[in-house]
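Structure, as structure tokens:
The values are calculated or read from the model by the stated rules, or taken from the named source; none is laboratory data. In this text, all values refer to a predicted model and were calculated from it rather than measured experimentally. FYI the Cβ positions are ideal-geometry reconstructions off the backbone, even for glycines, and counts take in every protein chain you see.
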Amino acid sequence: MHNYYDMTRELKANRIAYEYWKRRVRERIHDPRKADLLAPTEPPHAFGGKRLSLEQDFYDSFNKPNVDVIDIKSNPIVAFEPNGIRQADGTVHELDVIALATGFDAINGGLKDIKMRGLKGELLTDKWKEGTW
């Protein structure tokens, strides 16, 4: 994001960068519904205002028949079911795995905020107090 000074300071330059990114991502996603969610026509925020996915095949994975993405802004999750999640409109998505975005910290993420204990019962926050090595 900081390769070009104007990209983070000029709306026109930021939009040009977004349009390039959007075009390159959308050409990799075969399902238009998924493309609209993952790389919307209109940017949801300034491009680069949220961390970009530094990836090799993240967007390509959404072409697999067992991978989906849902819109929880217009149809929020209202319940976790034994076999998946239920959205506000009543749709139940049966799942094996639920991936939740919990924020970003380049070193150890939100792991220090979780009351996680090691094999000997020590809290991870105590173990990592002096560093994460």
Report task. From the list Ala99, Ala35, Ala88, pick out the single residue that is at pLDDT below 95, at negative phi and of a type outside the set (D, E, K, R). Result -> Ala99
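Name every residue in segment 43-79 that is in contact (Cβ under 8 Å) with a residue 12 or more places away in the chain and outside any loop (DSSP other than H, G, I, E, B), in order of residue number.
Within segment 43-79, the subset in contact (Cβ under 8 Å) with a residue 12 or more places away in the chain is 43, 46-48, 51-52, 59-60, 62-63, 68-72, 75-76.
Scanning segment 43-79 gives Asp60, Phe62, Asn63.
Does Asn83 fit the bill of being surrounded by 12 or more Cβ atoms within 10 Å (Cβ to Cβ) and more than 26 Å from Leu11 (Cβ to Cβ)?
On the way: surrounded by 12 or more Cβ atoms within 10 Å (Cβ to Cβ): no; more than 26 Å from Leu11 (Cβ to Cβ): yes.
It is false that Asn83 is surrounded by 12 or more Cβ atoms within 10 Å (Cβ to Cβ) and more than 26 Å from Leu11 (Cβ to Cβ).
Out of segment 12-36, which residues are touching a residue at least 24 places away in the same chain (Cβ under 8 Å) and more than 18 Å from Asp57 (Cα to Cα)?
Restricting attention to segment 12-36, the residues satisfying the condition of being touching a residue at least 24 places away in the same chain (Cβ under 8 Å) are 14-15, 17-18, 21, 25, 28-31, 34.
Residues satisfying the conditions are Asn14, Arg15, Ala17, Tyr18.
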